[in-house]
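First comes the structure, then the notes that go with it.
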2 protein chains.
Amino acid sequence: MTSTTADPVRTEIELIDAYWRAANYLSAGQIYLLDNPLLREPLRPEHIKPRLLGHWGTSPGLNFCYVHLNRVIKARDLDMIYIMGPGHGGPAAVANAWLEGSYSEVYPRISQDEAGMQRLFRQFSFPGGIPSHVAPETPGSIHEGGELGYSLAHAYGAAFDNPDLVVACIVGDGEAETGPLATAWHSTKFVDPVHDGAVLPILHLNGYKIANPAVLARIPEDELVRLFEGYGYAPIIVSGDDPAVMHREMAEALDRALDEIARIQRAARQEGSARRPRWPMIILRTPKGWTGPAQVDGLPVEGTWRAHQVPLAGVRDNPGHLAQLEEWLRSYRPDELFDGEGRPVAALRRLAPAGERRMSANPHANGGLLLRPLDLPDPRAYAVPVKEHGRATAEATRVLGDYLREVVAANPSNFRIMGPDETASNRLGAVFEVTDRVFAGELLPTDDHLARAGRVMEVLSEHLCQGWLEGYLLTGRHGLFNSYEAFIHIVDAMFNQHAKWLKVTRGLPWRRPIASLNYLLSSHVWRQDHNGFTHQDPGFLDVVMNKKPEIVRVYLPPDANTLLSVGDHCLRSRDYVNVIVAGKQPAPVWLPMDAAVAHCTRGIGIWEWASTDGGADPDVVLACAGDVPTLETLAAVDLLRQLLPELRVRVVNVVDLMRLQPVEEHPHGLSDTEFDALFTTDKPIIFAFHGYPYLIHRLTYRRAGHHNLHVRGYKEEGTTTTPFDMVMLNDLDRFHLVMDVIDRVPTLGGRVAHIRQRMADERLRLRAYTREHGQDAPEIQNWTWPH
Amino acid sequence: MTSTTADPVRTEIELIDAYWRAANYLSAGQIYLLDNPLLREPLRPEHIKPRLLGHWGTSPGLNFCYVHLNRVIKARDLDMIYIMGPGHGGPAAVANAWLEGSYSEVYPRISQDEAGMQRLFRQFSFPGGIPSHVAPETPGSIHEGGELGYSLAHAYGAAFDNPDLVVACIVGDGEAETGPLATAWHSTKFVDPVHDGAVLPILHLNGYKIANPAVLARIPEDELVRLFEGYGYAPIIVSGDDPAVMHREMAEALDRALDEIARIQRAARQEGSARRPRWPMIILRTPKGWTGPAQVDGLPVEGTWRAHQVPLAGVRDNPGHLAQLEEWLRSYRPDELFDGEGRPVAALRRLAPAGERRMSANPHANGGLLLRPLDLPDPRAYAVPVKEHGRATAEATRVLGDYLREVVAANPSNFRIMGPDETASNRLGAVFEVTDRVFAGELLPTDDHLARAGRVMEVLSEHLCQGWLEGYLLTGRHGLFNSYEAFIHIVDAMFNQHAKWLKVTRGLPWRRPIASLNYLLSSHVWRQDHNGFTHQDPGFLDVVMNKKPEIVRVYLPPDANTLLSVGDHCLRSRDYVNVIVAGKQPAPVWLPMDAAVAHCTRGIGIWEWASTDGGADPDVVLACAGDVPTLETLAAVDLLRQLLPELRVRVVNVVDLMRLQPVEEHPHGLSDTEFDALFTTDKPIIFAFHGYPYLIHRLTYRRAGHHNLHVRGYKEEGTTTTPFDMVMLNDLDRFHLVMDVIDRVPTLGGRVAHIRQRMADERLRLRAYTREHGQDAPEIQNWTWPH
């Protein structure tokens, strides 16, 4: 393309092409060049990196979209961010941030000149430098793209409650094969064009993944169009490989799409249309590794899977490859793109948006900048009155629901509750007194609290809930994900990636803290007696505990009031992943609110009111974490008081699981002195735990008293049965805890063998009772803490 | 509907309706009735179960499909199984198995008479009885449906390489919202109509989930049809609530669909058509809780979310509800359906298919019955020759790939390799010498080993890979899932459910053992230096270890020959989940093949050739598990030999991680005597572990020497850097291991402080080297075990 006319469109397209060439040059430069960044001298082997790492294949497409998005941002003064699903195309994101100047603002060493360009190239995928993927280190990103599947959910999460934001989201055709992405297209049924911003998906068909073609690139166009029409979009196709043609087509497509978004929003906001719109999307078909080497060693590269990573390998040792690389790099005509100092030429600098309109500097992509603290009510106002320990009964999550109702009411535009159709069944239904479930599909009179707008998002996809919430949090808002405990494993991998993101941001002062990701896991293992074995899995805690201690928090409030205290604490926190496990069934409330707050503040403590050791020198420590284990422990203490009144029992309750770890390993960890003061170093500890018992050993193995520790927990036994049979199946029941005490307190000796036998007999009797009557015996159902 | 004519179609439909009423009656009976199963007397409160558990809402739809599938099975002598995505409709599956007689064959106590019916009702969701969901206990099922999302992937897995099988798969509209299900529709691009059977998906739109409408039930029909046309299907819609009309329409729809399947298969098999067919599917729209109570307490129930579980609650205490229940149950006219003895009347019994044509007795749904052992080559034939320990170099997975090539060649119809586009990049590419990747989309000349038929299935969805493989294994075949280690977390939840399924089948003698689910995790944490932090996560092992010890096996072969031995062992095993972690990069081969086999057979052992303790009384034990940790450990031993020649070092290598557990906890566990003989009870143990270090503590906390154990592993540190920097970042490198030895062997004392300092200096020097040169220092890259 050469400039032979003053046609302003043509001139603009030439500039766009130049900008694209600059970004492509900078992308390839990052993959290959240690030095000679502007090719001011002939390329020599020592200019080449010793290890060639990076993904070229997707980069030109990312750059192509970037410059065209810049055009519409400027033309329309758009507030836009860019989610790059193919985040392994890290060089593209970095290249554009550098071109826009924001990279140098964040990292002044990487200046916008030749020296900076050389450092920019060298640092990429280089020890001590930056990762090869779009990463927290990349300005303008809220999405890593290392693990594929979540770009579109992140995009929608960013758009919710941001009515003036447009989120451009490029979806790679590889990523499009993942399950989470395949269902994320249905987010169209959860967008409110009045209060939410718009997502503009760009499905990028470059045809190949690592070695395989991409499914969506290999179906007839008619089928492809129907698929996206079926998902609720109006697709616009841009397809080709001639840059001059493609620039015009892409510009037209974006104008059409943004006109349509504007029309949709106007219709909804000014004209009151309640019809679900057909949102525009773009299907962009370009060659993989576009503008890169067409052939290498006689094999086709551009447009094939061979372009996925580094199209020319062995450049240092292969003069032919070196020459081909130089020819390829020079094809972008760097002399036209960068001035004598190595800066982008003025015309290119002028092409980029300015200030916060730059996608690499948009504050939505550094959500902590926009974070407003939640307006939170005093949780004490929702407390269950407790005059005597354990004499009040409450459904813990229902009590939290009352509190959440006020959170929702007081924060109508920056707090959302996500969950897979379980907000009511998890007994948070009070929120529906002040809000609705969001749904943009057809509404019927039989629907329950369903509306175009609301604070609760329910879809039977934990992936979507998690992805939406991540996008929402990363752009500076707050939320809660409530789920059945067992099925939160569905998002193990997403949790891992979010925790990794948070870990890295801790080292980036320019990334401001965001609200924590809060999980409320209810319908937990011990009360899935009705749903059976598939619904019983407390192992998410084990996944969580593998992540960096400074990121993760796990809370097991034993009752409604402690849940209130913990919930309030988590909503105030920043940059953590908080996991709260709480029951929804009627259960004793052990602590008055003041005591609950104090207990949660400590995170762990002796319950003197339940203990019989007079505050010192117990014969045995009964520890517990979780609501059902606490209940069984206290029922065991009740039995011990009756059966072995001389036994000095200490009850320790754990709310904050991290307290068990050594202080050197976790900021919440107890010192050995503190731990030993609670648990002793020489007395048997019977620990009734909510989850898999190994986790307690893992947390405490360094403690002096660890060899005295005996943990009961879920040992993967269960079926459809009664609640008490569930604890019996796993030897966590009160009678078995008494047997454990007898087995482990040496001073009791053989004289209590009859008591042990009585406990074993009770278990058999109660199991027989449930099998005859189909429910737990009344003495189990009606047990309360004695007073 | 009454019989007033001899019209055979009408008569058949009346019979079908009667059969459906029988199944509905039996479904509702299971939810409600303790006694009086045939309503031979008026319903009284004591006939009602004390706890009402179960899911009515989906059951009539499941039953409706069942009887219509029975019709076509008989009419066409079809070999068909039925996957019920809404597996929480357990009563429906059980009801039909009982009607067909197979339930009583498997469980003779549940006889096909009144007494059996009473037991059938009572046992459902009752302590000591059967789970509320379709479960391993349910004859005819390979799919639980407790955790939603996997039905369609299971269905396709069952169909692969079963050319004469038709897999009917009902997909609930709730499940359809999940990611795994949303992408599973694309399985159409991986079915070969010549060699594979057919899947007939039935999308069941009953409109509601627990409390919310289902997305696909609330989009315009045109949009819905486009969506499934876009997925590659030809949808047939059956919609309504009048049974008489619906029976005719469903029968016609099934005839159309099965005619079309037959036509497609004929075209492909006899006429050689290579076009990807548009497979038929059925969209069935019926009310939720169809035929159940229309209203309860003035609120609509049938056709709404209120029908999801138990439409009438409090039946025991509410005479109005009791009367309504009786009216509802009698609406099925049980007297017409069951004879004096309580058996289905003869006309209904005749309606069901016979023998193995019954879906509840089809051997494909009890795959162990059909399992043929793999024809496996001798792995020794592929061994890397090793004359001196560690002097040969090999890429472990490439060596395994040679072996797998022969497995593929020798087992052309019952072994598949699944993976998300990584078979070649994980260096198993030798299999492509004898097979191809399956793809039914458009093929291009640039494609690499892509064909309509093949043994390798690659799709960028770990969910699909896992679901397909599960379906394939559960129907009696064999396979291997190769994946990047970090991203196998994507299927944590699916693994959990499969492990739970296997655990339950262990207690069901009529379920025959199936081939193990084999994971090969490569591109592991230590060699994701190039992809960075998101690709580094060895935590799947922690998830696996929470499942029942009799089900799970974890292998960490340290080199190519041990990988061969482990791989061969896993392919011969049954009813396990085997996890193998192995590297793909060039690495030392430590053991000649005979020694490798012996070492793997023991699973753990002292490497005398690397030890310097003369077989007894070491000063320190260096233990290792995993290829990179083994390399660093041996390099540390090399350093110790040079720097501290008097130190008596023992090297213990662990292949089979379960050996570390106590024998009481895992069948592979070592006795304390054996463990102590390897690790000593009083010497420091420095354990270099592949994964998160806690796992080793969790496995060994009961051992006498546990307090001497110091574990190095991945502590969640990493980025894009060099391989050696990765181990340094996590303190797993040889120099740090030497420092650990110095810190923990008390006899060394302060006199070796200078050596410790030298190690620390080496680390700094090497880090600086990588940051300057972008690669590891030659002495690291070229290190070999001394001879």
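The values are calculated or read from the model by the stated rules, or taken from the named source; none is laboratory data. Predicted model only: the values in this text are computed from it and were never measured. Note that each Cβ is placed from the backbone with ideal geometry, even for glycine, and that neighbours are counted across all protein chains shown.
Which is in contact with an Asp or Glu (Cβ under 7 Å, 6 or more places away or on another chain) and closer than 22 Å to B:Ala176 by Cβ, of A:Ile490, A:Ile514? Steps first, please.
Details: A:Ile514 fails: closer than 22 Å to B:Ala176 by Cβ.
That would be A:Ile490, the only listed residue that is in contact with an Asp or Glu (Cβ under 7 Å, 6 or more places away or on another chain) and closer than 22 Å to B:Ala176 by Cβ.
Considering only the range A:457-508, how many residues are within 28 Å of A:Gln536 (Cβ to Cβ), within 7 Å of another protein chain (Cβ to nearest Cβ) and under 10 Å from the mean Cα position of the chain (by Cα)?
5
State the number of residues belonging to the range B:272-326 that are more than 31 Å from the chain's Cα centre (by Cα) and of a type in the set (Lys, Arg).
Of the residues in the range B:272-326, 3 are more than 31 Å from the chain's Cα centre (by Cα) and of a type in the set (Lys, Arg).
What pairs come out if I take residues in the range A:393-422 that are closer than 28 Å to B:Tyr208 by Cβ and pair them with residues that are assigned to a strand (DSSP E or B) and of a type in the set (Ser, Thr, Tyr) whose C-beta lies under 8 Å away, six or more apart or interchain?
A:Thr397/A:Ser522; A:Gly419/A:Ser483; A:Pro420/A:Ser483; A:Pro420/A:Tyr484; A:Glu422/A:Ser483; A:Glu422/A:Tyr484; A:Glu422/A:Ser522
Within the range B:354-361, does at least one residue satisfy the condition of being closer than 24 Å to B:Pro139 by Cα, surrounded by 15 or more Cβ atoms within 10 Å (Cβ to Cβ) and of a type in the set (A, V, I, L, M)?
yes
Any residue at all in the range A:163-183 that is among the hydroxyl-bearing types (Ser, Thr, Tyr) and out of contact with any strand residue (DSSP E or B) (no Cβ under 7 Å at 6 or more places or on another chain)?
yes
Is it the case, given these coordinates, that B:Ala153 is of a type in the set (Gly, Ala, Ser), more than 11 Å from every other protein chain (Cβ to nearest Cβ) and either out of contact with any His (no Cβ under 6 Å at 6 or more places or on another chain) or in contact (Cβ under 8 Å) with a residue 60 or more places away in the chain (or both)? Working first, answer last.
Working: of a type in the set (Gly, Ala, Ser): yes; more than 11 Å from every other protein chain (Cβ to nearest Cβ): no; either out of contact with any His (no Cβ under 6 Å at 6 or more places or on another chain) or in contact (Cβ under 8 Å) with a residue 60 or more places away in the chain (or both): yes.
Considered against the rule, which asks whether it is of a type in the set (Gly, Ala, Ser), more than 11 Å from every other protein chain (Cβ to nearest Cβ) and either out of contact with any His (no Cβ under 6 Å at 6 or more places or on another chain) or in contact (Cβ under 8 Å) with a residue 60 or more places away in the chain (or both), B:Ala153 comes out as no.
In the range B:130-150, how many are more than 14 Å from B:Ala92 (Cβ to Cβ) and β-branched (Val, Ile, Thr)?
1
Looking at this structure, is B:Glu665 surrounded by fewer than 24 Cβ atoms within 10 Å (Cβ to Cβ) and free of Cβ contacts under 8 Å to residues at least 24 places away in the same chain?
Numbers: surrounded by fewer than 24 Cβ atoms within 10 Å (Cβ to Cβ): yes; free of Cβ contacts under 8 Å to residues at least 24 places away in the same chain: no.
So B:Glu665 does not fit the description; no.
Just one of (1) within 7 Å of chain A (Cβ to nearest Cβ); (2) at pLDDT 95 or above; (3) touching a Gly at 6+ places or on another chain (Cβ under 8 Å); (4) buried (at least 24 other Cβ atoms within 10 Å of the Cβ) trips up B:Lys189, so point out which.
Against the list (1) within 7 Å of chain A (Cβ to nearest Cβ); (2) at pLDDT 95 or above; (3) touching a Gly at 6+ places or on another chain (Cβ under 8 Å); (4) buried (at least 24 other Cβ atoms within 10 Å of the Cβ), B:Lys189 comes up short only on (4).
Residue-wise test of (1) over 30 Å from B:Asp682 (Cβ atoms); (2) more than 14 Å from chain A (Cβ to nearest Cβ).
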{"position": "B:Val711", "(1), (2)": "no, no"}
{"position": "B:Glu717", "(1), (2)": "yes, no"}
{"position": "B:Thr722", "(1), (2)": "yes, no"}
{"position": "B:Met728", "(1), (2)": "yes, no"}
{"position": "B:Asp740", "(1), (2)": "no, yes"}
{"position": "B:Val745", "(1), (2)": "no, yes"}
{"position": "B:Leu748", "(1), (2)": "no, yes"}
{"position": "B:Ile755", "(1), (2)": "no, yes"}
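Looking at the range A:657-707 only, could you name the residues that are of a type in the set (Gly, Ala, Ser) and touching a Gly at 6+ places or on another chain (Cβ under 9 Å)? If you could, list the steps in order and put the result at the bottom.
To start, the set of residues in the range A:657-707 that are of a type in the set (Gly, Ala, Ser) comprises A:669, A:671, A:677, A:688, A:691, A:704-705.
Answer for the range A:657-707, where residues must be of a type in the set (Gly, Ala, Ser) and touching a Gly at 6+ places or on another chain (Cβ under 9 Å): A:Ala688, A:Gly691.
Please state which one of A:Asn70, A:Asn36 is buried (at least 24 other Cβ atoms within 10 Å of the Cβ) and more than 20 Å from A:Thr291 (Cα to Cα). Reasoning before the result, please.
Values: A:Asn36 fails: buried (at least 24 other Cβ atoms within 10 Å of the Cβ).
Just one listed residue meets the conditions, A:Asn70.
For the range B:396-420, give me each residue that is more than 9 Å from every other protein chain (Cβ to nearest Cβ), touching an Asp or Glu at 6+ places or on another chain (Cβ under 8 Å) and part of a loop (DSSP other than H, G, I, E, B).
Within the range B:396-420, B:Asn411, B:Ser413, B:Asn414 meet the criteria.
Only residues that are within 30 Å of B:His773 (Cβ to Cβ), free of Cβ contacts under 8 Å to residues at least 60 places away in the same chain and touching a Phe, Trp or Tyr at 6+ places or on another chain (Cβ under 9 Å): list them for the range A:265-311, please.
Matches in the range A:265-311: A:Pro293, A:Arg306.
Quickly run through the range B:547-556 and pick out the residues that are surrounded by 24 or more Cβ atoms within 10 Å (Cβ to Cβ) and either out of contact with any strand residue (DSSP E or B) (no Cβ under 7 Å at 6 or more places or on another chain) or within 10 Å of chain A (Cβ to nearest Cβ) (or both).
Listed by number, the list is empty, since nothing qualifies.
Every residue in the range B:555-596 that is within 15 Å of B:Tyr519 (Cβ to Cβ) and in a strand (DSSP E or B), please.
B:Tyr555, B:Val577, B:Asn578, B:Val579, B:Ile580, B:Val581
So which of A:Thr446, A:Thr423, A:Thr435 ends up being assigned to a loop (DSSP other than H, G, I, E, B), surrounded by 24 or more Cβ atoms within 10 Å (Cβ to Cβ) and in the same structural domain as A:Val579 (by the TED database)? Full working, then the answer.
Numbers: A:Thr446 fails: surrounded by 24 or more Cβ atoms within 10 Å (Cβ to Cβ); A:Thr435 fails: surrounded by 24 or more Cβ atoms within 10 Å (Cβ to Cβ).
A:Thr423 is the lone residue from the list that is assigned to a loop (DSSP other than H, G, I, E, B), surrounded by 24 or more Cβ atoms within 10 Å (Cβ to Cβ) and in the same structural domain as A:Val579 (by the TED database).
Taking into account only those residues within the range B:194-233 that are over 20 Å from B:Leu69 (Cβ atoms) and assigned to a strand (DSSP E or B), which is farthest from the other protein chains (Cβ to nearest Cβ)?
Filtering the range B:194-233 for residues that are over 20 Å from B:Leu69 (Cβ atoms) and assigned to a strand (DSSP E or B), the one farthest from the other protein chains (Cβ to nearest Cβ) comes out as B:Tyr208.
Give the number of residues within the range A:670-709 that are within 14 Å of chain B (Cβ to nearest Cβ) and surrounded by 19 or more Cβ atoms within 10 Å (Cβ to Cβ).
Number of matching residues: 19.
From (1) buried (at least 24 other Cβ atoms within 10 Å of the Cβ); (2) at pLDDT 95 or above; (3) within 9 Å of another protein chain (Cβ to nearest Cβ), pick out the condition that doesn't hold for B:Arg122.
Of the numbered conditions (1) buried (at least 24 other Cβ atoms within 10 Å of the Cβ); (2) at pLDDT 95 or above; (3) within 9 Å of another protein chain (Cβ to nearest Cβ), the odd one out for B:Arg122 is (1).
Just checking, which of A:Ala168, A:Ala184, A:Ala158, A:Ala176 is within 14 Å of chain B (Cβ to nearest Cβ), under 23 Å from A:Ile261 (Cβ atoms), in contact with a Phe, Trp or Tyr (Cβ under 8 Å, 6 or more places away or on another chain) and buried (at least 24 other Cβ atoms within 10 Å of the Cβ)? Explain how you work it out, then say what you get.
Working: A:Ala168 fails: within 14 Å of chain B (Cβ to nearest Cβ); A:Ala158 fails: within 14 Å of chain B (Cβ to nearest Cβ); A:Ala176 fails: in contact with a Phe, Trp or Tyr (Cβ under 8 Å, 6 or more places away or on another chain).
Among A:Ala168, A:Ala184, A:Ala158, A:Ala176, only A:Ala184 is within 14 Å of chain B (Cβ to nearest Cβ), under 23 Å from A:Ile261 (Cβ atoms), in contact with a Phe, Trp or Tyr (Cβ under 8 Å, 6 or more places away or on another chain) and buried (at least 24 other Cβ atoms within 10 Å of the Cβ).
Can you find a residue in the range A:638-654 that is in contact with a Lys or Arg (Cβ under 7 Å, 6 or more places away or on another chain), more than 12 Å from chain B (Cβ to nearest Cβ) and modelled with pLDDT of 95 or more? Spell out the reasoning first.
Of all residues in the range A:638-654, those in contact with a Lys or Arg (Cβ under 7 Å, 6 or more places away or on another chain) come to A:639.
So of that shortlist, the ones also more than 12 Å from chain B (Cβ to nearest Cβ) come out as A:639.
Pick out the ones that are also modelled with pLDDT of 95 or more and you get A:639.
Yes: one or more hits.
Restricting attention to the range B:523-546, report how many residues are within 7 Å of chain A (Cβ to nearest Cβ) and not in a helix (DSSP H, G or I). If you could, list the steps in order and put the result at the bottom.
Quick first cut of the range B:523-546, residues within 7 Å of chain A (Cβ to nearest Cβ) only: B:530-535, B:537, B:539, B:542-543, B:546.
From what is left, the residues that are not in a helix (DSSP H, G or I) are B:530-532, B:537, B:539, B:546.
Number of matching residues: 6.
I need the full set of residues from the range B:571-598 which are buried (at least 21 other Cβ atoms within 10 Å of the Cβ) and among the polar types (S, T, N, Q), in order please.
Selection gives B:Asn578 alone.
May I ask you to verify whether B:Tyr208 is modelled with pLDDT under 95 and either among the hydroxyl-bearing types (Ser, Thr, Tyr) or at positive phi (or both)?
Judged against the criteria, B:Tyr208 is a match.
With away from chain B (no Cβ under 14 Å) and crowded, with 16+ Cβ neighbours inside 10 Å as the only criterion, which of A:Ile283, A:Ile236 stands out?
Numbers: A:Ile283 fails: away from chain B (no Cβ under 14 Å).
Exactly one of A:Ile283, A:Ile236 is away from chain B (no Cβ under 14 Å) and crowded, with 16+ Cβ neighbours inside 10 Å, namely A:Ile236.
I'd like to verify a number: residues in the range A:509-522 that are closer than 16 Å to A:Gly691 by Cβ and either more than 16 Å from the chain's Cα centre (by Cα) or at the interface with another protein chain (Cβ under 9 Å from one of its Cβ atoms) (or both), how many?
The number of residues fulfilling the criteria is 1.
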